[in-house]
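Notes for the one structure printed next.
The values are calculated or read from the model by the stated rules, or taken from the named source; none is laboratory data. Everything quoted here is computed from the prediction, not taken from an experiment. Glycine also receives a Cβ, built like all others from the backbone with ideal geometry; neighbour counts cover every protein chain displayed. The area values use the complete protein model at the heavy-atom level, side chains included, leaving out ligands, DNA and RNA. Shrake-Rupley method; radii C 1.70, N 1.55, O 1.52, S 1.80 Å.
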Amino acid sequence: MTTTLDEKTIELTIDGKQVTGKPDETVLLVARRNRIHIPTLCNHADLEPYGGCRMCLVEVKGVRGLTTSCTMKIAPGMEVKTFSPEIEQARRVSLELLLADHPLECLTCAKNQQCELQTLAAEFGIDRIRFRKTRDYHPPDESNPFFAYDPNKCILCARCVRTCRQLQGLGAIDLVNRGTRTIVSAANGVPWVDSVCESCGECVSRCPTGALADKQRKQPLEKIKTTCTFCGTGCGLFLGVRGNEIVSVTADRTNPVNLGRLCVKGRYGNAFVNSPKRLTKPLIKRNGKFEEATWDEALDLVARKFAEYRGDAFTAVGSSRGSNEECYLVQKFTRAVMNTNNVDNCARLCHSPTVSGLTKSFGLGGGTNPLADLHGAKCIFVIGSNTTEAHPVAGSLLRRLADNGATLIVADPRKIDLTKHADLWLSQKSGTDVPLLMGMARVIIEEGLHDSNFIASRCENFDDFKAVLKYYDLDTVESITGVPKEQIVRAARLYATGGPAIIIYSLGITEHSHGVDNVMGVANLALLTGNVGKPSAGVMPMRGQNNVQGACDMGCGPTAYQGYQRVNDPEIRKKFEEAWGVPLREEPGLYLVDFFNQALEGNVKALYCVGMDVAYSIADANRVQEALRKMEFVVFQDIFLTDSAQFADVVLPAASFAEKDGTFTNLERRVQLIRKAIEPIGESKPDWWITCEIARRMGARGFDFTNAAEIMDEIARLTPSFAGISFARLEAGGIQWPCFGPDHPGTPRLHVEKFNTPTGLGHLSPLKYRPSAESADEDYPFILTTGRSLYHFHLAMTSKVPGLMEIEPEETVRLNPVDAERLGIADGDMVRVTSRRGALDVRAKITDVVKPSTLHMTFHFYDQPTNVLTNQALDPVSKTPEYKVTAVRIEKVPAEGACSTMAKATEGGAGNG
Ligand code: SF4
């Protein structure tokens, strides 16, 4: 048989075998592809070749001596020998020298039977060590709660150092000292936990020996493939199971989302599943106290009481932590059984502006491209997204791409981590994104950098859009945003001319009283420059929670059934009435925040809240809690007895993601399977089972599902964009919706030929600047912004992970050194932060990450519930509160004067979106 070789193919021989490769490929790579064994230690498929361990020595004809095959590039006609007595001897000596310095404690080592050094010692049949130990003893660094570094087991292969630099883009560790004293160390020799290390464990997962090893030592007996339950990135992972316990987490290298990477939460945050604090039995409140009940007692009571509130006195919250199937059932139950459209989910607090804004601009409320498209983007514009903390695996990719040549523009009021890797940082004042984006648009048009062909053929409303730009001369924009006009010009030029370009945004754009305008401002830039509907050009909203995209897709909102099929469209409603066999309501329901406002008015009386901490995550939390107290019947369904659940009449114990089958949809619209790894803890049950049981006990039909796959089949039947999705297909990997039939491959990129708008054209939005609802004044001279922490998500989950609590045990308020000095506040002092709605005492952290006159807090802690301060000023379209701009004052609390305006928490925690 003859093979046709293209001109770039290189022919060579390895051990007499004719093989081929491409320029830039190494001898090692080609040998491995041809199943020719060459031993290695420092080499790793994810990392640049290093040539340090000298185990991969080979002989190349014409080259003097032996050479490292991991660094040797192939060449035409090259003749390589991988095995000879000389090669064997050289490798053996290298191995023996390593072993001479290595403690022989294999049986008690965490990596016993997984150690690559041990494997090679067996391969080479080494039965004694001929050399003397040369290296000094170094004490292990055990400062990190999740893993330890033992320099005495380290073979100095630098896989960990290269992982941190090349994959994480961090460079937290390096080889230090010389000769026999060389070890791996964090910068300046500080304990690892005090360095910039993000505890992702990527170095641990690539360490060939026990030098870097997890402190949790139990080995799994089985590994179950599933999807991460924390953020919306949707990383693939394996839960390692022993008995009914999760003892390890490893990354899925085949998952296109994370390609074998995980962050600290994904890898080490799943200890919450087996926490002894899990809810194990239903609870019924009697005489103000929760008492354990049987499932029959609890479900019968819930069904009987819910029946009293059919209609608009009833409200329901679907869980963005739950599966698509469970979200679908919550909205079906609300609409078909309770006869109201009063159903919503936590996207109302975060990315509802994305759904509204991108639907107006592009016709669909989802991210336009797969994350993999970032690799081809020449310019990445990150605005209002602290990606490295909120979506860490995507964030580390951004660091890496920027370090490798992509242009990175960051627009953020704070000096976030990504600004260190950016070509340009625009530090706009909080709440001034519309003028910033419109100012950039004006520069693009004035300088003729817009894509006229794309605008003419693919967009509408250009003239109206242009007309409004007269309000955005750069002097005005500079004075509103605080960004020097030269920087605005530079950003506009870089974005418009340096494509293909992707815009990444998140809650810094959406959580405003003009969040929808902000989103449309982002979309305008993409349309103007033709950066949408193409590979590596688009708009990526970074959805917060694991399945917040899915909760929206599945109809947990007051205006639409799943797949964004509107409830007030008669044809659509008729379809659902026929499918579900009941009359359905035409008028849209209440939005989440209004559930509680209407409860205070006496109009809403009952709540079914699945997996959301409503009492602490909605702005102006005191008001929400007052509403919860006023409601007549409240049911919480969760995995822990959260502080929000304290307001319930009945609490139903739910199974976690590890205890059930289902699907999550990530921020790229990728629907992925979660799989049951262990049995539900205690008597907890999957959310879908609980909702079905309540419905059945209320006499409803259409809730007789026996597994999650059957629910997805019903979703597919009723949802054009999910028509081709089934569990059977998802076994082969995730599918990005829309997926219109069993043979449809799904849609990695949206809007390639036309937009989903009624006209098929992208809509340019002429935006007018509306200031935030509050601004700093004499009484409240600071602006407070909020955001996520790398180490927490929902404290209900992450507070049950001792290591995460050890790294970040409490809320802090960050303030600039200039303000701290002026107010006499030192790092760690207790301060009182007061807004028009509430006050709380919290520890100060002095940092120049925030600008003078601004403060920053997360929203993860019950003890310091930030949302007692935040403002319920709503975006008029999406009804999302303005979390990002709250006028506050700050003052030092005398030691004896510390107090809290909120009742102290008992368990768990909150989280926006
Ligand atoms: Fe999980 Fe998000 Fe971390 Fe990925 S980046 S491992 S999805 S928390």
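Condition test on V548, is it buried (at least 18 other Cβ atoms within 10 Å of the Cβ) and either modelled with pLDDT of 95 or more or of a type in the set (D, E) (or both)?
Working: buried (at least 18 other Cβ atoms within 10 Å of the Cβ): yes; either modelled with pLDDT of 95 or more or of a type in the set (D, E) (or both): no.
No, not satisfied.
Can you find a residue that is more than 30 Å from D101 (Cα to Cα), within 16 Å of the ligand (Cβ to nearest atom) and at pLDDT below 95 anywhere in the stretch 168-178? Yes: the stretch 168-178 contains one or more residues that are more than 30 Å from D101 (Cα to Cα), within 16 Å of the ligand (Cβ to nearest atom) and at pLDDT below 95.
Does the stretch 354-369 hold any residues that are crowded, with 22+ Cβ neighbours inside 10 Å and either in contact with a Lys or Arg (Cβ under 8 Å, 6 or more places away or on another chain) or among the hydrophobic types (A, V, I, L, M, F, W, C) (or both), and which are they? Outline the logic, then answer.
Keep residues of the stretch 354-369 that are crowded, with 22+ Cβ neighbours inside 10 Å, which gives 354-358, 361-362, 365-369.
Hits for the stretch 354-369 are T354, V355, L358, F362, G366, G367, T368, N369.
Could you pull out every one of the strands (runs of 3 or more DSSP E) wholly within the stretch 100-203 that has 2 or more residues that are aromatic (F, W, Y) and open to solvent by less than 30 Å² (accessible area, probe 1.4 Å)? Working first, answer last.
On the way: elements: 147-149, 173-176, 183-186.
Result: 147-149.
Could you go through the stretch 487-501 and let me know if any residue there is hydrophobic (A, V, I, L, M, F, W, C) and closer than 30 Å to V671 by Cβ.
Residues of the stretch 487-501 hydrophobic (A, V, I, L, M, F, W, C): 488-489, 491-492, 494, 496, 501.
Right, trim to closer than 30 Å to V671 by Cβ and you get 501.
Yes: the stretch 487-501 contains one or more residues that are hydrophobic (A, V, I, L, M, F, W, C) and closer than 30 Å to V671 by Cβ.
Taking the condition touching a Ser or Thr at 6+ places or on another chain (Cβ under 7 Å), more than 11 Å from the ligand (Cβ to nearest atom), modelled with pLDDT of 95 or more and not charged (D, E, K, R), does T254 pass? No, not satisfied.
Is it the case that G318 is open to solvent by 60 Å² or more (accessible area, probe 1.4 Å) and either modelled with pLDDT under 95 or in contact with a helix residue (DSSP H, G or I) (Cβ under 7 Å, 6 or more places away or on another chain) (or both)? Even if it seems obvious, please write down each step before you answer.
Values: open to solvent by 60 Å² or more (accessible area, probe 1.4 Å): no; either modelled with pLDDT under 95 or in contact with a helix residue (DSSP H, G or I) (Cβ under 7 Å, 6 or more places away or on another chain) (or both): yes.
It is false that G318 is open to solvent by 60 Å² or more (accessible area, probe 1.4 Å) and either modelled with pLDDT under 95 or in contact with a helix residue (DSSP H, G or I) (Cβ under 7 Å, 6 or more places away or on another chain) (or both).
Filtered by the rule that a residue be open to solvent by 40 Å² or more (accessible area, probe 1.4 Å) and within 26 Å of R814 (Cβ to Cβ), the stretch 409-453 gives K415, K420, D423, W425, K429. The condition (being modelled with pLDDT under 95 and open to solvent by less than 40 Å² (accessible area, probe 1.4 Å)) is satisfied by just one residue among D643, D687: D643. Where helices (runs of 4 or more DSSP H) sit wholly within the stretch 292-403, those with at least 1 residues that are more than 16 Å from the ligand (Cβ to nearest atom) occupy 295-308, 324-332, 352-362, 392-403.
Residues in the stretch 537-558 that are over 17 Å from the mean Cα position of the chain (by Cα) and assigned to a loop (DSSP other than H, G, I, E, B): M554, G555, C556, G557, P558. Selection of helices (runs of 4 or more DSSP H) fully inside the stretch 752-824 by the criterion of at least 1 residues being more than 16 Å from the ligand (Cβ to nearest atom) and within 30 Å of the chain's Cα centre (by Cα) returns 802-807.
Let's see how each residue does on (1) more than 25 Å from V651 (Cβ to Cβ); (2) without any contact (Cβ under 8 Å) to a residue 12 or more places away in the chain; (3) outside any loop (DSSP other than H, G, I, E, B):
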| position | (1), (2), (3) |
| --- | --- |
| L673 | yes, no, yes |
| K676 | no, no, no |
| P680 | no, no, no |
| E683 | no, no, no |
| I690 | no, no, yes |
| A695 | no, no, yes |
| R701 | yes, no, no |
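Exactly one residue out of P817, P809 is at pLDDT below 95 and surrounded by fewer than 21 Cβ atoms within 10 Å (Cβ to Cβ), and it is P809. If the condition is being surrounded by fewer than 24 Cβ atoms within 10 Å (Cβ to Cβ) and part of a helix (DSSP H, G or I), then the stretch 489-515 contributes V489, R490, R493, L494, T497.
A single entry from T226, T209, T233 fulfils the requirement of being polar (S, T, N, Q), more than 15 Å from the ligand (Cβ to nearest atom) and either closer than 24 Å to V548 by Cβ or in contact (Cβ under 8 Å) with a residue 24 or more places away in the chain (or both): T209. Condition test on L641, is it outside any helix (DSSP H, G or I), more than 22 Å from V273 (Cα to Cα) and touching a residue at least 60 places away in the same chain (Cβ under 8 Å)? Judged against the criteria, L641 is not a match.
Restricting the stretch 259-291 to residues that are polar (S, T, N, Q) and touching an Asp or Glu at 6+ places or on another chain (Cβ under 7 Å), the residue that is nearest to the ligand (Cβ to nearest atom) is N274. Sub-8 Å Cβ pairs linking a first residue in the stretch 42-53 that is without any contact (Cβ under 8 Å) to a residue 24 or more places away in the chain to a second residue that is assigned to a loop (DSSP other than H, G, I, E, B) and surrounded by 19 or more Cβ atoms within 10 Å (Cβ to Cβ), at least 6 apart or interchain, are P49/N43; P49/C70; G51/C42; G51/C70, ordered by first then second residue. For the stretch 1-92, the strands (runs of 3 or more DSSP E) that sit wholly inside it and include 3 or more residues that are open to solvent by less than 70 Å² (accessible area, probe 1.4 Å) are 10-14, 17-21, 57-60, 66-68.
Among the residues of the stretch 837-847, is there at least one that is touching a residue at least 12 places away in the same chain (Cβ under 8 Å), acidic (D, E), surrounded by 18 or more Cβ atoms within 10 Å (Cβ to Cβ) and not in a loop (DSSP other than H, G, I, E, B)? Yes: the stretch 837-847 contains one or more residues that are touching a residue at least 12 places away in the same chain (Cβ under 8 Å), acidic (D, E), surrounded by 18 or more Cβ atoms within 10 Å (Cβ to Cβ) and not in a loop (DSSP other than H, G, I, E, B).
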